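K.L.:
One structure coming up, written as structure tokens, with questions to follow.
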Amino acid sequence: MFRKILIANRGEVALRIVRACKEMGVASVAVFSEADRDSLHARMADEAICIGPASSALSYLSMPNIISAALVTGAEAVHPGYGFLAENAAFARACADSGLTFIGPSPDAIERMGDKAVARQTMMAAGVPCVPGSDGVVETSDDALTFAREVGFPVLIKASAGGGGKGMRVATDEKELHANFTAAKTEAAAAFGNDEVYIEKYLARPRHVEMQVLADTHGNAVYLYERDCSVQRRHQKLIEEAPSPALTPELRAEMGAAAMKAVHAVDYVNAGTVEFLLDTDGRFYFMEMNTRVQVEHPVTEQVTGVDIIKEQLRIAAGEPMKHARQEDVHLSGHAIEFRINAEDPLHNFRPHPGKIDVFNPPGGFGVRIDSHMYSGYTVPPYYDSLLAKLIVWGETREEALARARRALDEFIVVGIPTTIPFHQYVVEEEHFQRAEVYTDFVERYATTEDITSFVTGVPVSEKEADE
Ligand code: ADP
């Protein structure tokens, strides 16, 4: 095992990794920007080193600064967390060139799965069903039209380098296709420095179901079952649960086998997630693979008992993983994660950084909080708005829901608005309670009007009548 590792990230995920290191007897080095001096991840790590100003381009995304920090502190390996440099093949290579172990897959696997158009081709060749669409990158809007006619409208124009729901545009007809093709390319170029796009059929009311995988350098590979992440707003996840209420044991085994094909297709090593869309007829399609640990990994940990971060460290250190055989991985109970963001759900989820006067998270049996918050902390405006993840576990989905309701009611954040009222509304919502949840859930059943009415106690219909 490593003696010391550097964590190239901030916030709750950096803290999550510090905690795993402490339990494993591995020394941890945190990095922080000037805006994160008071951050808990920097305080809890064994050592902390400033890597630049607030702007992430000059700190958390600066490869030379991070690698220098690792070298001067004598770290042997680098854990990238999620976001920032986690899926950057050049960073993984730069680590290797500096004699540092990158805690993640090979640069080659990152590259092949990171380009979504290439990943689609790889998966099609491996015999995994993909959403119908173009074979690879589409160069012109005329070519896009050919594919759109083949698969039928509506279609989705997606950025090959896309992530976090950015660079995606729906087109319902030919006219929209031409306009949105150019718009998507411009948006992709601005967001990812790469304007390549491809076309997929836009599925009506799918569920987002993803498989967590782990593979080590000893030839062991397992899937830790699925997470259902269908509660999304603008293609960004808000609530995730495991197991998916939509999978039968047969479908779960089939999806697991498809995820294993992805692992073998690129000789994948370490933790990864294979994302699928599941249609209402029970057919599933590969969407993309994330070559890193995900925000929602705790729900899998709660239902399998596998500590994914510790497995990542063991795998990177060349040890066999602890849960090496599929028969060793068991599902127990039901877990749901709620993302508590510094966003105002009554005003279109507007980001709302600022000072947190009181932070009083819930506790008790079956409640887990992953958060870097504390009373008196000021949320800086430079980074993402995730404040805390509330993860509840129950023997059944019903128990998990009852526990969620109780935990959300206990959760006190004073000073800035958060997404807690949104979640309080959702756990009471009848479709969510019945697990009839598709990716259009938020726009259909959890609109700003619904949340406002829930918070104020004024029914939506009365409010409309007043206006
Ligand atoms: P990103 O990498 O930006 O997160 P994904 O490819 O993972 O993008 O897609 C994010 C979300 O967008 C999915 O969870 C789903 O809700 C929606 N989506 C993506 N592709 C399709 C599709 N072909 N049809 C319908 N919805 C889609």
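K.L.:
Can you list residues from other chains, or at least 5 along the same chain, whose modelled amide H is less than 5 Å from the amide H of ARG233?
P.N.:
Here LEU238 satisfy the definition.
K.L.:
Using the alpha-carbon centroid of each, what span in Å lies between the stretch 2-37 and the stretch 117-142?
P.N.:
The stretch 2-37 and the stretch 117-142 have Cα centres spaced 37 Å from each other.
K.L.:
Order these by the 10 Å Cβ neighbour count, fewest first: ILE5, ILE451. Each step should come with its number before you reach the end.
P.N.:
Values: ILE5 30, ILE451 21.
Neighbour counts put them in this order, fewest first: ILE451, ILE5.
K.L.:
Which ³J(HN,Hα) values in Hz, rounded to whole numbers, follow from the phi angles of the stretch 106-118 under the Karplus curve 6.51 cos²θ - 1.76 cosθ + 1.60, where θ = phi - 60° and Gly and Pro get x?
P.N.:
6, x, 5, 5, 4, 5, 6, 8, x, 7, 5, 5, 5
K.L.:
Report, in listed order, any pair from LYS22/LYS261; LYS166/LYS355; LYS158/LYS261 with a Cα-Cα distance greater than 26 Å.
P.N.:
LYS22/LYS261; LYS166/LYS355
K.L.:
What are the ³J(HN,Hα) couplings of the stretch 386-392, residue after residue, when phi is run through the Karplus curve with 6.51, -1.76, 1.60 and θ = phi - 60°? Round to Hz, x for glycine and proline.
P.N.:
With the stated coefficients, the stretch 386-392 comes to 5, 9, 7, 10, 9, 10, 10 Hz.
K.L.:
Also, quick follow-up: In Å and on Cα atoms, what radius of gyration and Dmax does the chain show?
P.N.:
That works out to 21.8, 67 Å for Rg and Dmax.
K.L.:
Residue-wise, which Karplus ³J(HN,Hα) couplings in Hz belong to the stretch 285-292, taking 6.51 cos²θ - 1.76 cosθ + 1.60, θ = phi - 60°, and x for glycine or proline?
P.N.:
These are the phi-based 3J(HN,Hα) values: 10, 5, 10, 6, 10, 9, 9, 6 Hz.
K.L.:
Rg to Rh for the stretch 207-456: what is it, with Cα atoms only and Rh by Kirkwood? Intermediate results must be reported in sequence, preceding the final value.
P.N.:
Details: Rg = 18.3 Å, Rh = 18.8 Å.
We get a ratio of 0.97 for the stretch 207-456.
K.L.:
Would you kindly calculate the translational diffusion coefficient of the stretch 221-317, applying Stokes-Einstein with the Kirkwood radius from alpha carbon pairs, for 20 °C and a viscosity of 1.002 mPa s, and quote it in µm² s⁻¹ without decimals? Display every interim value, and only then the final one.
P.N.:
Working: Rh = 14.1 Å.
Answer, rounded: 151 µm²/s.
K.L.:
Could you work out [θ]222 nm for the chain from helices alone, using -39500 (n - 2.57) per DSSP H run of at least four and dividing by all its residues? Round to the nearest 500 deg cm²/dmol.
P.N.:
Theoretical 222 nm ellipticity from helices: -10500 deg cm²/dmol.
K.L.:
Continuing with the same structure: Under unit Cβ charges (Lys, Arg +1; Asp, Glu -1), what dipole magnitude, rounded to 20 debye, does the chain have relative to its Cα centre?
P.N.:
Numbers: 45 positive and 68 negative charges, 229 e Å.
In debye, rounded to 20, the chain gives about 1100.
K.L.:
What is the local net charge at GLU150, summed over the other residues whose Cβ is closer than 14 Å to its Cβ (Lys, Arg +1; Asp, Glu -1)? Before the final figure, lay out each step's value.
P.N.:
Numbers: positive: ARG149, LYS201; negative: ASP135, ASP142, ASP143, GLU174, GLU200.
Counting the neighbours of GLU150, the net charge comes to -3.
K.L.:
Expressed in nm to one decimal, what extension gain is obtained for the pair ASP281 and ASN220 from 0.36 nm per residue of sequence separation less their Cα-Cα distance? Don't skip to the end; give the middle numbers.
P.N.:
Numbers: separation 61, 0.36 × 61 = 21.96 nm, distance 3.27 nm.
Stretched fully, the ASP281-ASN220 segment lengthens by 18.7 nm.
Bear in mind that the values in this text are calculations on the coordinates, not laboratory data. Being a predicted model, the structure only gives us computed values, none of them experimental. Positions of Cβ are generated from backbone atoms using ideal geometry, with glycine treated the same way; all protein chains shown enter the neighbour counts.
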